[in-house]
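Undergrad: Okay, handing you the structure first.
What follows draws every value from the coordinates through simple rules; no lab data is involved. As the structure is a computational prediction, the values presented were derived from the model and not from experiment. Virtual Cβ from ideal backbone geometry, glycine too; neighbours counted across all protein chains shown.
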Amino acid sequence: MKLKIYILLITVITCVNSAWAGQETQNGKQYNVVYLKSEASGNGDSKDTPVGTWENAYKKLTNTGNRDYDWEHNIIVIVGDMQINYREDATKDKSNIQGTAATITGVWPWDANDKATTDQITNGGQAMISGTTNNIGADVRFRNLRIQGDKDLQDRMSLRLHSTLFDEGLVMMGFADLGDSYGMIVGRKAPAFHIQISFDHDGNSRAADVKYEMPNDEKMTVTFKSGKYGRVAVSRAQGTSETAVKANYIQGTPEKPVMAHIIVDIQEGNDNTGNYEDDFGILLGGSSQGIVCADLQFDIKRGSIGTLVAGAQGNNIAAGNTSGKTIESWKIPQGTFAGRTIINLESNDVTIQNLYVGTQGRTQSVGANGTAYFYGQATLNMRGGTIEKGVFASAAAFSGVGNDTYHTPDYAIPYVDNNNVLTFSSYDNSKTMATVKSTFNGNVDLSQTVFTMNIFGGTIKGGLCGGSRGYDSYVWTKYAPEGAGSYYGNTNINIYGGTIEDGVYGGGLGASDYYENKDGKGTSGQEKFLTVAQVFGNTNVNIYGGKITGGIYGGGKGVAATSKNEYINIAKVIGSTNVTINPQTLKPRAEWTDPNTPEFTGPDTDWTYTGNIYGGGALGSVEGDTNVKILGGIINGDVFGAGQGEEGHPDKAKVTGTTNVTVGE
């Protein structure tokens, strides 16, 4: 009976798909192949008779509903040059594109290993990327393809919530270099090739076909196996009128968040062209501008990244200035992430320069109220790889909600009103917040923000901070907002293994760069830079293993006093700090009952740490209690309940609460 049903189904499919592309057999597999060339008028069955539009190419493909099967067997071969732009509303018959997965290539056939040579790729068909008109209208795989940019433009591709595989054999050519103003690390290069996972809003109105809510039962996957990219983000928003900005700034809602799984697995020896240090200049979980409600998971397996940010990048935009209105009067966010991001660093084949578990601030004008906010949960699981310039909660930005005494200064906090409408308002109106209802990793209560950093392996250089970096000299940040790097919530650092250089801090990393070096710009009100990198909440540092150099602190890393100021409020923790040393031997992950919950075989009596342990900060004060517990291990150093101060400055690293040190149970 099963055999008869199977044969019947095959017969039905054959009849329905009577307009199949040319049937070709390669390497023992059968493919539906259609050839495409701009403005051609053939039937698409050969290179000599290509079709001339995306619409006609997609009409000849099959759609079984199995994405992986379809994009392996549906092959669109570009002959010559073809602009990438086949979004749903680009055709009269939307069903011909929407939902039909396919592979787009510039070379056909491939060899037995689905490979093409660099010469074949660079001399084959080209996918043209120019400006902002590059839209995807279906799940797609790019393979063995030259992607040609416009050196005079910032080139962008919008995936429009479609699963996309940037497969092997992608050659990037002709792109301009991404400028520092886009948040790049100063001095490093990346192609000016931006990818928006959701929609690329550019202009003064939302396109009629844009769906910014993602159905709860859908999750898209974006995988990178080759290529070089400038900035990858969930969304970007622009606009010059109040109506445009309000409409274009929202991607996802608490009821229907954007759900995406981003996989980075850049293969060695992939065919790339360009003198770029990294595979990605910037990889964002949120937006470069605007608000994103999302549930995201990053699996970084292989590759190099300049800056990895779990949430929004932010930008102090000038929208509305032409009409005499301010951003604040519109009650809209400048750069906000609401929801959850999980970052998994999977192997030692990963290199990252900067990693921010929350947001990356980015400002371009004086007087910014804030550049980026994070509400919800962010988790880093590091099992391998190297991070060159440190791990931080955020950089020159803001994270968390806080409480009635200390709370976010954001005037545009997202919440759901009594009519179940996503609204933006001050803390007093929105402190109950909303819940992001996700079927990906479960729901997220936005009224509490929690950052968790689990270190199992790999190497972190430049320090590990549960708080934020107040001012970031590694990126293009001309102007820092008041209280930059503030974190409102609890932070958890759990170290099970790996190597951490330059210290572990429950608090943030302060900086006096902007205060000391005004360079003639933004010189009024400089006292606001005396409160950067503060944590308004409790810090928890738990050491179960690993190799650590540079000190262990419950508080933050402040700034040494100068003739101008003592900087006693920089990198302050307003809350309690908890440092626990409890060396344990970790079980192999395969033996854990829950793959996300570590299990131990027992105490590690040989674990040794050479250095000092502080309940407080390094020049950073604590307004609260400090608690240090030493439950095992060999400590070749001193243990202090308070912080590491500075001679002649008694208020540095001051603890205003009670200091507690416990040895053993």
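Undergrad: Give the distance, in whole Å, between the Cα centre of the range 158-200 and the Cα centre of the range 415-443.
TA: 31
Undergrad: Using label points projected 7 Å from each Cα along Cα→Cβ, tell me how many nm separate Ala590 and Ser38, to one decimal.
TA: So the two model labels end up 5.3 nm from each other.
Undergrad: I need the peptides 251-263, 112-124 ranked by packing, meaning the mean over residues of other C-beta atoms within 10 angstrom, with the highest value on top.
TA: Ranked from most to least packed, the peptides come out as 251-263, 112-124.
Undergrad: Sticking with this one: For a 26 Å ceiling on Cα separation, which of these pairs sit above it: Lys189/Lys557; Lys547/Lys629; Lys47/Lys228; Lys564/Lys654; Lys47/Lys219?
TA: Long pairs (Cα-Cα over 26 Å): Lys189/Lys557; Lys47/Lys228; Lys47/Lys219.
Undergrad: Which length gain, in nm to one decimal place, applies between Val663 and Ser181 when the Cα-Cα distance is subtracted from 0.36 nm times their residue separation?
TA: Residue separation times 0.36 nm, minus the Cα-Cα distance, leaves 168.5 nm.
Undergrad: Right, something else. What fraction of the DSSP beta bridges in the range 519-665 is antiparallel, stated in percent and rounded to the nearest 5?
TA: 15
Undergrad: Still on this structure, I have one more. Report, by chain and number, residues whose modeled amide H sits under 5 Å from the one on Gly483, excluding near sequence neighbours (fewer than 5 apart, same chain).
TA: Distant-sequence amide H within range of Gly483: Thr531.
Undergrad: Got a sec? How would Ser438, Ser287 order by Cβ neighbour count within 10 Å, fewest to most?
TA: Ser438, Ser287
Undergrad: Cα centroids of the range 101-138 and the range 581-608: how far apart, whole angstrom?
TA: One Cα centre to the other: 46 Å.
Undergrad: Oh, and also: Subtract the Cα-Cα distance of Thr25 and Lys115 from 0.36 nm times their separation in residues, and report this length gain in nm to one decimal.
TA: Result for the pair: 30.8 nm of gain on full extension.
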